[in-house]
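Worksheet for the structure shown next.
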Amino acid sequence: MAIKKRRPRNASLRFQTFLSSGDITKKKPEKSLVFGLKKSGGRNAYGRITVRHRGGGATRKYRMVDFKWTQKDVPGRIAAVEYDPNRNVRIGLVFYRNGAKTYILLPAGLKVGSIVLASEKAEAKVGSSLPLSKIPVGFIVHNIEMFPGSGAKLVRSAGVGAQLVSKTEQHATLKMPSTEIRMVPVNSWATIGVLGNADFRNISWGKAGRTRHRGFRPTVRGMAMNPVDHPHGGGEGRSKSGSHPRSPWGKGAKGSRTRVRKNPLILKRRKSKK
């Protein structure tokens, strides 16, 4: 998948880049697998903002991606590759032999006509879903369950994959995309392969409007605020009162650890970015 540049006919197009849509084979989603999506604007049930800088954005419909492998032991064929506005990876529309239809996250290497199977007896190849106990050590996996039957929660972004490092009778050890090394129950399910659309992270959005279309509102620097609004606010000239970087509520930012309890399943923490 290639990154495309536009001819700079105006200032907003000069630095914009786009992902080629040549891999998409179907524009309208499957009617039986979508429903309306109501936006919260970052607010909770009490109307209070819990996630800042959210609001507006283009209207979306939610595609029901099958994270629980509901069609086990039934072969399926990828009938179409589609764009999903709710995630940065392409999704595949799968037609199963029993007549069912589902969406799956599309790993690199699969295309229209490829066969996928979720089964304990499935062949260990790209697109196959199995328990971690059945996947050979060293394979790259995505769409991983944290607990058996809970549905996939880990490694679901474009271009990522986790390596299966080792296995015991109880747990499988995975090296995550963040470099964290952690264990999950060996009976948890996962899908083999690296997720596609890896060039998504190299896009240059080019103008503020494209970010607003995605549902992100402007972000104001703490140093540009008053002391009542932010710990970095106020002062004479450029000053943030000599403190370390802080959030608006005084919590440490930019490298401060936020995990309170030590998780025995995490063997090695991810590298902190300072």
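What follows is calculated from the coordinates using simple rules that are stated; it is not laboratory data. Keep in mind the model is a prediction, meaning the values are calculated, not measured. Every residue, glycine among them, receives a Cβ derived from its backbone with ideal geometry; neighbour counts consider all protein chains shown.
How would you rank 12-22, 255-265, 42-52, highest first, on the average number of other Cβ atoms within 10 Å across their residues?
Ranked from most to least packed, the peptides come out as 12-22, 42-52, 255-265.
By how many nm would the segment from Thr258 to Tyr62 lengthen if fully extended, with 0.36 nm per residue of separation less the alpha-carbon distance?
67.5 nm
If a paramagnetic tag sat 7 Å from the Cα of Met223 along the Cα-Cβ line, which residues of region 240-272 would have the backbone N under 19 Å from that point?
Label zone hits: 240-256.
Taking θ = phi - 60°, what integer Hz values does the Karplus form 6.51 cos²θ - 1.76 cosθ + 1.60 yield along region 105-121, in sequence order, with x for Gly and Pro?
For region 105-121, the Karplus-derived couplings read 6, 8, x, 5, x, 8, 8, 4, x, 5, 9, 10, 8, 10, 6, 5, 9 Hz, x marking Gly and Pro.
At q = 0.08, 0.13, 0.19 Å⁻¹, work out log10 I(q)/I(0) for region 3-201 with the Debye formula, treating every Cα as an identical point scatterer and leaving solvent out; two decimals please.
Results for region 3-201 at q = 0.08, 0.13, 0.19 Å⁻¹ read -0.32, -0.80, -1.32.
Comparing Ser32, Ser243, Ser166, which has the greatest mean-square fluctuation in the GNM of the chain with Cα pairs linked when under 10 Å apart?
Its mean-square fluctuation being the largest, the pick is Ser243.
Can you tell which of Val160, Thr173, Leu130 lies farthest toward the positive end of the dipole of region 3-201, using +1 and -1 charges on the Cβ of basic and acidic side chains (Lys, Arg; Asp, Glu)?
Val160
If you stretched the chain out fully between His213 and Asn98, how much longer would it get, using 0.36 nm times the residue separation minus the C-alpha to C-alpha distance?
Once the chain is fully extended between His213 and Asn98, it gains 37.5 nm.
Compute the Rg/Rh shape ratio of region 155-257: radius of gyration over Kirkwood radius, all on alpha-carbon atoms.
Radius of gyration relative to Kirkwood radius: 1.16.
In region 103-226, if every C-alpha pair distance is counted and binned at 5 Å from zero, what percent goes to each bin?
Percent of pairs per bin, in order: 2, 11, 18, 19, 15, 10, 8, 7, 6, 3, 1, 0, 0.
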